[in-house]
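Here the structure comes first, spelled out in C-alpha cells, and everything after it is commentary.
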Amino acid sequence: MLAPWIVQVLGLAPRFEMLIYLSALAAFVWAMVNIFQLWRMRQDS
C-alpha cells in the first residue's frame with residue numbers, strides 16, 4: 001500500500017514499485033513456509 005508513495009517521495013523509477021511489491025510477496029511466502037515448518041515440528045513432538 002505504501003509502494004506508490006515511497007516511489008513518488010524518493011523520486012524512483014516506476015519499476016522500483018514492482019520491486020517493492022515482489023519483495024513483500026517473497027517475505028509473505030517465506031513467513032508462510034516458516035509457519036508451516038513450525039506447525040509440522042509441533043505435530044511431530
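Where a number appears in this text, it was derived from the coordinates with a stated rule and is not lab data. In this text, all values refer to a predicted model and were calculated from it rather than measured experimentally. Neighbour counts are summed over all protein chains in view; Cβ atoms, including those assigned to glycine, are modelled from backbone coordinates with ideal geometry.
Show the residue pairs that are 6+ apart or on different chains and have beta-carbon atoms under 9 Å apart, the first residue being within segment 24-43 and acidic (Asp, Glu), the second being assigned to a helix (DSSP H, G or I).
Short answer, once both residue conditions are applied: none.
Restricting the search to segment 1-38, which residues are out of contact with any Asp or Glu (no Cβ under 6 Å at 6 or more places or on another chain) and of a type in the set (Gly, Ala, Ser)?
Within segment 1-38, Gly11, Ala13, Ser23, Ala24, Ala26, Ala27, Ala31 qualify.
Specify the residue that is surrounded by the fewest Cβ atoms within 10 Å (Cβ to Cβ); the eligible residues are those in the chain that are over 10 Å from the mean Cα position of the chain (by Cα) and polar (S, T, N, Q).
Going through the qualifying residues, I end up with Ser45.
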